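A short write-up of the structure that comes next.
The values are calculated or read from the model by the stated rules, or taken from the named source; none is laboratory data. Note that this is a predicted model, so its numbers are computed, not measured. Every residue, glycine as well, gets a Cβ built from its backbone with ideal geometry; the counts of neighbours run over all protein chains shown. Heavy atoms of the whole protein, side chains included, go into the accessibility calculation; ligands, DNA and RNA do not. Shrake-Rupley method; radii C 1.70, N 1.55, O 1.52, S 1.80 Å.
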Amino acid sequence: MSAPVLARRRLLAGATGLLALGLGDCGSATPTPDPGRLRRIAETRWPHRPSIEGTSAGGLSGIDYDPSRGEYLLISDDRSDLAPIRYYVARWPQPEAAPPTPTGVVLLQRPGGGPWPNRRQALDGLPVPDPEALRLRPGTNTVLWTSEGDIARGFGPALYESARDGRFLREFALPAMFAADPTERRGPRDNLTFEGLALTPDGRFAWLGMENALIQDGPVPTTGAPGGPCRFTQLDLETGKATRQIAYVPDAIPLRPLVPGTYADNGVSEILMLDAHRMLVLERAYAAGTGNSLRLYEIDTRAAGDVLAVDALAAGNHRPAAKTLVADFAALGLSRLDNTEGMCWGPPLPNGKRMLVVVSDDNFNPLQVTQFAAFEYTDRP
């Protein structure tokens, strides 16, 4: 999360305190989810800013599971301010019994080696990444991770690949539409870019999910209107090239702030493949004094038009993905809703069903929480 948005959220959290409990909708229409597709198995938390191998843990914005080692990988969105850019390793063998146990930290290296600098020590020609999402490539035992970019310094969002031990391997070339425009006439908005990252089951393709629309594609969501279409981009990991792109329209902000006119937002915070073509999309909203909303949708990427060659999305020139509500997290029995940004499949359950695991980004704010939750997922017939 960028410094201006993070500062606003910390200020608002301080003003509203423990009111940020994910209270119900305040006047907007709520879609009806398919019944019974998520059943809560466990909910737990880490303490505020635990020290793990000398680093301050928090800001967990992405999670993935490695079945070969039985461990979770969790990326922090700290921009090297508290410790170098990093991901954590943890085990959670019995979600109902205890919180995840951290087992290590991996420092992600910049090109040429060494830690990524923070903003106070930024190097010419090198961005200060804003890490958001992470996926393990099982076939190569490498880690893909996204950055929302360093827009003010002219660097757009990025997808990187690193070795499991953190060594930098490559940066993927992205379509020109994602290039930063510091004048803010077009391109990505600061801190509203690659929140989501998903891999197809065969490991060949990655999908990059934008949090909100590019400037030329439409506005951010408001309490009265949905946002402009977010672009979800498919990359061939073998060739490194973008092969397809679809549009996804995020909801209007489903909560109204306690004081009219104060801060509220909504956007895509994570994506996850169900199979080769179907995708889960997590929308996360926040309204000052009211709290958070989390809605999980399903889309079929085949049912949307390819917009990779469309310079600016507008009514009539594209077909966005239709979406079906899987679950409203307010109805799942959690003690509170927070800033959930990470989502992955855990190990299969004894009954053969999938376990869906989510984690929240506490923004290193003592009034927020690092919340882990596990659910039994039932696919639709």
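Some values worked out for this structure:
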quantity	calculated
Hey, Leu74 closer than 27 Å to Tyr377 by Cα, in contact (Cβ under 8 Å) with a residue 12 or more places away in the chain, open to solvent by 10 Å² or more (accessible area, probe 1.4 Å) and not charged (D, E, K, R) or not	no
Positions within the stretch 202-213 being of a type in the set (A, V, I, L, M, F, W, C) and in contact with a Gly (Cβ under 6 Å, 6 or more places away or on another chain), in sequence order	Ala213
The stretch 146-164 - residue that is closer than 14 Å to Tyr87 by Cβ and out of contact with any Pro (no Cβ under 6 Å at 6 or more places or on another chain) and, of those, most open to solvent (accessible area, probe 1.4 Å)	Arg164
Residues of the stretch 299-309 classified as part of a loop (DSSP other than H, G, I, E, B) and touching a residue at least 60 places away in the same chain (Cβ under 8 Å), total	3
Subset of the stretch 243-263 [of a type in the set (A, V, I, L, M, F, W, C), crowded, with 19+ Cβ neighbours inside 10 Å and under 25 Å from Phe178 (Cα atoms)]	Ile246, Ala247, Ile253
Filtered residues of the stretch 255-278 (kept if under 14 Å from Arg295 (Cα atoms) and touching a Gly at 6+ places or on another chain (Cβ under 9 Å))	Leu255, Asn266, Gly267, Val268, Ser269, Glu270, Ile271, Leu272
Filtered residues of the stretch 246-297 (kept if among the hydroxyl-bearing types (Ser, Thr, Tyr) and out of contact with any helix residue (DSSP H, G or I) (no Cβ under 9 Å at 6 or more places or on another chain))	Tyr248, Ser269, Tyr297
Sole exception among (1) buried (at least 19 other Cβ atoms within 10 Å of the Cβ); (2) in contact with an Asp or Glu (Cβ under 8 Å, 6 or more places away or on another chain) for Ile271, by number	(2)
Some residue of the stretch 121-132 being surrounded by 23 or more Cβ atoms within 10 Å (Cβ to Cβ), in a strand (DSSP E or B) and within 18 Å of the chain's Cα centre (by Cα)	yes
Residue tally, condition assigned to a loop (DSSP other than H, G, I, E, B) and of a type in the set (Val, Ile, Thr), over the stretch 237-276	5
The stretch 161-215: number of residues that are acidic (Asp, Glu) and more than 19 Å from Leu237 (Cα to Cα)	5
Subset tally (residues that are farther than 17 Å from Asp362 by Cα, open to solvent by 10 Å² or more (accessible area, probe 1.4 Å) and without any contact (Cβ under 8 Å) to a residue 60 or more places away in the chain) for the stretch 77-95	5
Lone qualifier among Asp275, Asp311, Asp265 - being at pLDDT 95 or above and under 25 Å from Pro131 (Cα atoms)	Asp265
Among residues of the stretch 277-296, those that are part of a loop (DSSP other than H, G, I, E, B) and within 18 Å of Pro320 (Cα to Cα), counted	1
Long-range neighbours under 6 Å by Cβ, at least six apart or interchain, first residue on the phi > 0 side of the Ramachandran plot within the stretch 327-347, second at pLDDT below 95 and surrounded by fewer than 24 Cβ atoms within 10 Å (Cβ to Cβ)	none
